[in-house]
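The values are calculated or read from the model by the stated rules, or taken from the named source; none is laboratory data. Note that the coordinates shown come from a computational prediction; the quantities given were computed from them, not determined experimentally. Every residue, glycine as well, gets a Cβ built from its backbone with ideal geometry; the counts of neighbours run over all protein chains shown.
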Amino acid sequence: MNIARLYTCSLLMIALFGSCQKKDDPQATNCQPPATLIAKAPCESGYPGAQLVASNYAGGSFSQFIYYIFVQKDTLSNNLTKGSYANASNEQIIISETVLKDAPKFVVQVTINCNGKDLPSKYFAFVKRPTANSGCYAWALQN
């Protein structure tokens, strides 16, 4: 094979390899689901149930979240097969006490819709913990 053919084949291989590379979608890098979620109990928020506040996300000027709630029967449970509740909202949502059913733990996944594609967050697990204030409790993030 002469040098010209070798050079042409090399350029062709580089061009083909380059066209197969994954292109970074600028919208995908500008759209990320919430990385932080906090849960406030009634004594802290003033609302019955749990107030969820999502943050550390990237999206458009109006970000629509869907909150998927998985109520757990005990603090060791991690059953994510059947959600107890799903609802669309913005950065904050109130989860009713009737949904939580006095459960000691619940798990949440939040999705953000970006150009018609739902991007899910990691799972956030919250465990009910007593506080110094009698009759109150807090939702502690479980790692």
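Per-structure values
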| read-out | value |
| --- | --- |
| Any pair with Cβ under 6 angstrom, 6 or more apart, that starts in segment 111-137 at a residue that is aromatic (Phe, Trp, Tyr) and ends at one that is surrounded by 16 or more Cβ atoms within 10 Å (Cβ to Cβ) and part of a loop (DSSP other than H, G, I, E, B) | 137/41 |
| Considering residues of segment 75-88 that are surrounded by 11 or more Cβ atoms within 10 Å (Cβ to Cβ) and among the aliphatic types (A, V, I, L, M) only, the residue nearest to residue 122 (Cα to Cα) | 80 |
| Residue satisfying all of: in segment 35-74; in contact (Cβ under 8 Å) with a residue 60 or more places away in the chain and closer than 24 Å to residue 134 by Cβ; surrounded by the fewest Cβ atoms within 10 Å (Cβ to Cβ) among these | 43 |
| Residues of segment 92-112 satisfying the condition of being among the basic types (Lys, Arg) and either surrounded by 12 or more Cβ atoms within 10 Å (Cβ to Cβ) or farther than 20 Å from residue 81 by Cα (or both) | 105 |
| Condition check for residue 109: modelled with pLDDT of 95 or more and not small (Gly, Ala, Ser) | yes |
| Residue in segment 72-89 that is closer than 23 Å to residue 143 by Cα, at pLDDT below 95 and among the β-branched types (Val, Ile, Thr) present | yes |
| Matching residues, segment 113-139, being of a type in the set (Gly, Ala, Ser) and surrounded by 14 or more Cβ atoms within 10 Å (Cβ to Cβ) | 121, 125, 138 |
